[in-house]
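Q: Following this message is one structure expressed as structure tokens.
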Amino acid sequence: MAARERPHTDEAIVPNEAERHAARRRAEKLQIVAFFGIMALVPFGIGNDYYLHILIYIGLHLILATGLNLLMGYAGQVSLGHAAFYGIGAYASGILTATYGWNPWLAMLAALLLTCVVAWLVGKPTLRLRGHYLAMATLGVGIIVAVVIRQWTDLTGGSAGLTGIPSMTFFGHELTSDQDLQYYYFVWAWAAALTVLFANLVASRPGRALRALHDSELAAQVLGVDTAGFKVRAFVISAAYASIAGTLYAHSSMRFLSPTPFGFHTSIALLVMVVLGGQGTLWGPVLGAFTITLIEETLRPYADYDIIVYGLLLMVLMIVMPGGVSRALGSLIDLVRGWVPALRGGDEP
Amino acid sequence: MLRLTSVDASYGRVRALRRISLHVDDGEIVTLIGANGAGKTTTLAVISGLMPAASGTITFGEQTVTNWGPSRLVRAGICHVPEGRQVFGSLSVADNLQLGAYSTGLSRQEIRALMREQFERFPRLEERRTQLAGSLSGGEQQMLALARGLMSRPKLLMLDEPSLGLAPIIAHQVMAEVQKLREEGLTVLLVEQNARAALRIADRGYVIETGRIVLEGSARDLLDNPEVQRAYLGKGYREIWE
Ligand SMILES: Nc1ncnc2c1ncn2[C@@H]1O[C@H](COP(=O)(O)OP(=O)(O)OP(=O)(O)O)[C@@H](O)[C@H]1O
Ligand SMILES: [Mg+2]
């Protein structure tokens, strides 16, 4: 290789970071594919419906966290009300199918469109301004959506909940409620597809522009990158991910919607998932979704105390591992890789 | 080539530029000097479309370009290399250069040829083409910022304090590079706090104070001007003191 032919000056020894990063990114893609492969086998290992149920939730959270990761890790913006888009997706799907008898797929599409329009209306004016106006605006959206779900009882069923949501159909086949296994595959297929879409998106030319504007918005603007437009698009896509997760939630085994999962509480949990896993990484949402869903389940008896745990987690993470768990693991692996040849006394100088 | 006539600009209520008029002719190096907060960066921002002009007109070549967007101005041939280098730290040197051609609509081959041109001009960048830009030294980052700007094939190059924070010898190399670019036919508008270095390579200069142009002239005249010497060249403290 060219590097070998160069004289042994300082430069020749400096490792090619970007090459290493690119190699790692390629490896990561393969690992992710392998991971989804393993997830396809997991149900054979567990006979318990409860665990399957939790794994379905992890899949939904993975979709949500992946969307939010695009916004936070690449566009450098924060949404404090992402559960609202999850809720719009879920309730639009639920109402259209249960009350109006729509086909679930058509309802899903309508829910997706509605979510994107709302996100666009929120993002367009706020993302033109410098600073964290989006965070404020999404906080507001989160509150409004929560209130609407609770108060507009004729439409949403209010705190009593929305019932009678039909099951999802797949090529004429009903994914029925007593068959969690089918729904598990359905949700994880969506999670895999949306993760692959995300990976391709961030590796594309617009993805590179997005990363550039994260590094220096000013320089990107000077080069003619429509930075505000890119941020709006990233936000709308992240809301679309949440909407899809919402639809999948609505048709999951309970086929019942109540306001609780779509409140501020969930928005914070999603935020912690992304930060914990590592913003701007492929593995981040996976690690975050698993960890936080499991914490949620463990703390379920203590109801509202998990928000305290999330708060503490956020603080500790920011101090100890600002890059998230997946980056910390990555550096650890690099470190070990460096040690192995050294311990063996290998040929590396 | 470039002409500003009575341009005003403000940040909200704060007026940053008051009736700025200046021009840069084909093939010139013109420098804009002034103290911190005088309005140098703001002037460049208005020219490159980052900030609107509240009033006044800007012409570039034959066209009136007042309040055009940045990407259209890049295509017209204006390149702004911002203050503080602002390289894309998490991207490789090659990716940074690629983004330099973002608005040009050039084909892949053309971009590759342009990139080769930059690598010939800055061999150090070629050695580091796969390295992350954030890990380059300050001088290398400035070279990269310059090369990234040149990827848009500009007619007018606007540099905002390119020698800021660099060791004197590196700053000197940057200035030499600017001179070389002019010889190749580029027109340069150079913003500098290091007024002496800028005036040495410039043809003409403007002095800006609190958003107004207070002095203009040939570089020679400005170097000899006692006011400029006192305020910007650090000369003659003793004479005033005694
Ligand atoms: N984003 C901003 N918001 C409000 N005021 C600003 C902003 N940027 C600059 N200003 C003000 O506008 C005036 C001109 O600033 P500008 O950055 O153009 O100065 P400068 O000559 O480039 O200074 P320096 O040498 O420090 O870079 C200053 O008074 C500054 O405080
Ligand atoms: Mg400045």
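The values are calculated or read from the model by the stated rules, or taken from the named source; none is laboratory data. Being a predicted model, the structure only gives us computed values, none of them experimental. All Cβ positions, glycine included, derive from the backbone under ideal geometry; neighbour counts span all protein chains shown. Please note that ligands, DNA and RNA were not included when accessible areas were found on the heavy atoms of the full protein model with its side chains. Shrake-Rupley method; radii C 1.70, N 1.55, O 1.52, S 1.80 Å.
Q: Can you confirm whether the stretch A:167-176 contains a residue that is free of Cβ contacts under 8 Å to residues at least 40 places away in the same chain and in a helix (DSSP H, G or I)?
A: no
Q: Turning to a different aspect of this structure: Answer yes if at least one residue in the stretch B:133-145 is touching a strand residue (DSSP E or B) at 6+ places or on another chain (Cβ under 6 Å) and in contact (Cβ under 8 Å) with a residue 60 or more places away in the chain, and no otherwise. Before you say what the answer is, go through the steps one by one.
A: Filtering the stretch B:133-145 for residues touching a strand residue (DSSP E or B) at 6+ places or on another chain (Cβ under 6 Å) gives B:145.
Imposing the further condition that a residue be in contact (Cβ under 8 Å) with a residue 60 or more places away in the chain reduces the set to B:145.
Within the stretch B:133-145, one or more residues are touching a strand residue (DSSP E or B) at 6+ places or on another chain (Cβ under 6 Å) and in contact (Cβ under 8 Å) with a residue 60 or more places away in the chain.
Q: If you don't mind, there's one more thing I want to ask. Would you say residue A:32 is surrounded by 18 or more Cβ atoms within 10 Å (Cβ to Cβ) and assigned to a helix (DSSP H, G or I)? Outline the logic, then answer.
A: Numbers: surrounded by 18 or more Cβ atoms within 10 Å (Cβ to Cβ): yes; assigned to a helix (DSSP H, G or I): yes.
Judged against the criteria, residue A:32 is a match.
Q: Additional query: How many residues are away from ligand 2 (no atom under 16 Å from the Cβ) and modelled with pLDDT of 95 or more if we restrict to the stretch B:188-200?
A: 1
Q: Given the conditions (1) within 16 Å of ligand 1 (Cβ to nearest atom); (2) on the phi < 0 side of the Ramachandran plot, which single one is not true for residue B:39?
A: (2)
Q: Only residues in the stretch A:108-126 that are over 21 Å from residue A:230 (Cβ atoms) count as the first member; pair them with residues that are hydrophobic (A, V, I, L, M, F, W, C) and surrounded by fewer than 21 Cβ atoms within 10 Å (Cβ to Cβ), Cβ under 9 angstrom, at least 6 apart or cross-chain, and list the lot.
A: A:110/A:102
Q: Right, here's the next one. Please enumerate the residues belonging to the stretch B:60-98 that are aliphatic (A, V, I, L, M) and within 16 Å of ligand 2 (Cβ to nearest atom).
A: At the first step, the residues of the stretch B:60-98 found to be aliphatic (A, V, I, L, M) are B:65, B:73-74, B:76, B:78, B:81, B:87, B:91, B:93-94, B:97.
The answer is B:81, and nothing else.
Q: When you check residue B:128 against the structure, is it without any contact (Cβ under 8 Å) to a residue 60 or more places away in the chain, within 14 Å of chain A (Cβ to nearest Cβ) and not β-branched (Val, Ile, Thr), yes or no?
A: So residue B:128 passes the test.
Q: Restricting to the stretch B:141-168, name every residue that is part of a helix (DSSP H, G or I), more than 16 Å from ligand 2 (Cβ to nearest atom) and of a type in the set (A, V, I, L, M).
A: Let us first name the residues in the stretch B:141-168 that are part of a helix (DSSP H, G or I), namely B:141-150, B:168.
Restricting the remaining residues to those that are more than 16 Å from ligand 2 (Cβ to nearest atom) gives B:141, B:143-144, B:146-150, B:168.
Result: B:143, B:144, B:146, B:147, B:150.
This table checks each residue for (1) touching a Pro at 6+ places or on another chain (Cβ under 6 Å); (2) more than 14 Å from chain A (Cβ to nearest Cβ); (3) modelled with pLDDT of 95 or more; (4) open to solvent by less than 10 Å² (accessible area, probe 1.4 Å).
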site	(1), (2), (3), (4)
B:7	no, yes, yes, yes
B:11	no, no, no, no
B:20	no, yes, yes, yes
B:34	no, yes, no, yes
B:47	no, no, yes, yes
B:56	no, yes, yes, no
B:59	no, yes, yes, no
B:78	no, no, yes, yes
B:83	no, no, no, no
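Q: Which one of B:200, B:196, B:153, B:220 is open to solvent by 50 Å² or more (accessible area, probe 1.4 Å), farther than 26 Å from residue B:37 by Cβ, under 18 Å from the mean Cα position of the chain (by Cα) and not aliphatic (A, V, I, L, M)?
A: The unique qualifying residue is B:153.
Q: Here's a follow-up. Quick one: which of B:107, B:92 is buried (at least 18 other Cβ atoms within 10 Å of the Cβ), farther than 21 Å from residue B:160 by Cβ and not assigned by TED's automatic domain parsing to the domain that holds residue B:54? Lay out the reasoning, then the answer.
A: Values: B:107 fails: buried (at least 18 other Cβ atoms within 10 Å of the Cβ).
Of the residues listed, the single one that is buried (at least 18 other Cβ atoms within 10 Å of the Cβ), farther than 21 Å from residue B:160 by Cβ and not assigned by TED's automatic domain parsing to the domain that holds residue B:54 is B:92.
Q: Still on this structure: Among the listed residues B:11, B:102, which satisfies the condition of being over 30 Å from residue B:200 (Cβ atoms), among the aromatic types (Phe, Trp, Tyr) and within 16 Å of ligand 2 (Cβ to nearest atom)?
A: B:11
Q: Something else now. Which condition from (1) of a type outside the set (A, V, I, L, M, F, W, C); (2) under 26 Å from residue B:41 (Cβ atoms); (3) assigned to a helix (DSSP H, G or I) is the one that residue B:102 breaks?
A: Of everything listed in (1) of a type outside the set (A, V, I, L, M, F, W, C); (2) under 26 Å from residue B:41 (Cβ atoms); (3) assigned to a helix (DSSP H, G or I), residue B:102 misses just condition (3).
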